[in-house]
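What follows is calculated from the coordinates using simple rules that are stated; it is not laboratory data. If you're wondering where the values come from, they're calculated on a predicted model, not measured in any experiment. When we count neighbours, we look across all protein chains shown, and the Cβ atoms used for this are built from the backbone with ideal geometry, even at glycine.
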Protein chains: 2
Amino acid sequence: MASNIPDIVIGRLPVYLRALTRLMQEGQEVTSSHELGKRLGISSAQIRKDLSHFGGFGKQGTGYQIAYLIEQLRQVLSVNREWEVALVGAGDLGSALAHYRGFGDRGFRIACVFDNSPQKVGTKVGEYTVLPTSDIAKVIRERGIKIAMIAVPAEKAQEVANVLIEAGIRAILNYAPMNLNVPAGIRVQYIDPVVQLQRMTYYLT
Amino acid sequence: MASNIPDIVIGRLPVYLRALTRLMQEGQEVTSSHELGKRLGISSAQIRKDLSHFGGFGKQGTGYQIAYLIEQLRQVLSVNREWEVALVGAGDLGSALAHYRGFGDRGFRIACVFDNSPQKVGTKVGEYTVLPTSDIAKVIRERGIKIAMIAVPAEKAQEVANVLIEAGIRAILNYAPMNLNVPAGIRVQYIDPVVQLQRMTYYLT
């Protein structure tokens, strides 16, 4: 696999994959960088350049075979398999994530849900029985889980991240509104609605 | 206000603001681009360059006064005021957003919640009484709301976006896992956990 691809290109591939999957669901079999770009608000040149890092996937003038391109992107992104994900935090957000049905067909499955509240431990959240946070290290090691989502308050997130990483987690999706300090080699992505909203208000005045 | 700032710079300002606010909450009064960069995993040169678009905010060698920099960033991002936000979708995710207490002190307040389900309309979600989606246009026009969050299934999101924009919405935070087609001048940001997870799995193999 190509190894010196800029992270910003990698970041666009899941968006391409999502749009292509949608086109396929709509019954389409072939698309073009032009059509895809129009859907995504990205230039067709950018899309061709991004995909060229991986060999191109399309023939000049005939467009992309959607099913083939989807399969290739799933392979590049390593989501042509199912990843188990640990979820820490069973509050409103954690509970919404535990109920979310959009992970399964895109390469992920929540495998376990942890919370430190005695009122929550042992109760059901969706199909999961909430486990105590003291079990994090043991469960993650035993199951060999590499990916976690953090949905705890900001003041607890670093402590939770430390435990997760110590147990073998290598990628964290952090919903807590703060930046994590992690060792080199650990990937972190952030989801914070306020950061996204503030990015837009700049343009509203 | 500076008008030709790259959007990628604007996108980092809320992250700086969040980190600075946290430093202030921790009791700190002065910081440096070096310290901030270490917290955020961004180079100090990048931070200085980003802030220089707006005049710099700091004196060479003495660092940044945190309270002052926060105030300036809030002004640049137009969050030194409170924006009303319309939320469409009162399912698991919409409900978690309606309960989220992290909007208020960062410039936003959910003003109304809409859903198209007869089982939900009229019920309470957090402090909000769910309104029917047929009221979207009227309520948003009357209140002059400019920002909306979409938390409905993917197949409904474009239709909802069209109604919102027609009613005067100019910025949309879209949680539905699909790309929206919007007229020029309308801002859209996306939150899709699977896109973020897939961006990390590339590096896990």
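Computed over the protein assembly as shown, the range of Cα coordinates on each principal axis works out to 58, 54, 47 Å, biggest value leading. Here chain A carries DSSP beta bridges of which approximately 20% are antiparallel, counting only pairs with both residues inside.
When each of the peptides A:64-71, A:107-114, A:147-154 is scored by the mean number of other C-beta atoms lying within 10 Å of its residues, the order from highest to lowest reads A:147-154, A:107-114, A:64-71. Across identical copies of the chain, A:THR205 has label-point separations of 4.6 nm, listed in ascending order, with the point defined 7 angstrom from Cα along Cα→Cβ. Measuring how big the stretch A:83-195 is from its alpha-carbon positions, Rg and Dmax come out at 12.8, 36 Å. Distances from B:HIS34 to itself in the other copies, using label points 7 Å out along the Cα-Cβ axis, amount to 5.4 nm in increasing order.
Helical runs assigned H by DSSP (4 residues or longer) give chain B a calculated mean residue ellipticity at 222 nm of -12500 deg cm²/dmol, each run adding -39500 (n - 2.57) before division by the residue total. Each peptide in B:160-167, B:25-32 receives the mean, over its residues, of other Cβ atoms within 10 Å, and ordering these scores from highest gives B:160-167, B:25-32. Listed by chain and number, the aspartates and glutamates whose C-alpha is less than 17 Å from the C-alpha of A:LYS138, apart from same-chain residues fewer than 8 away, are A:GLU84, A:ASP115, A:GLU159, A:GLU166. Considering the rotation that superimposes chain B on chain A, the residue of B whose beta-carbon lies nearest the axis, and that distance in Å, is B:ALA96, 2.
Label point of B:GLY104 (7 Å along Cα→beta-carbon): distances to the other copies' equivalent points are 3.8 nm, sorted ascending.
Please work out the Kirkwood hydrodynamic radius for the stretch A:7-76, using every pair of different C-alpha atoms, and report it in angstroms with one decimal place.
Details: mean 1/r = 0.0846 Å⁻¹.
After inverting the mean inverse Cα-Cα distance, the result is 11.8 Å.
Over chain A, what number does the Rg to Rh ratio reach, with both radii from the alpha-carbon atoms and Rh per Kirkwood? Don't skip to the end; give the middle numbers.
Values: Rg = 19.3 Å, Rh = 19.0 Å.
Computed over Cα atoms, the ratio is 1.02.
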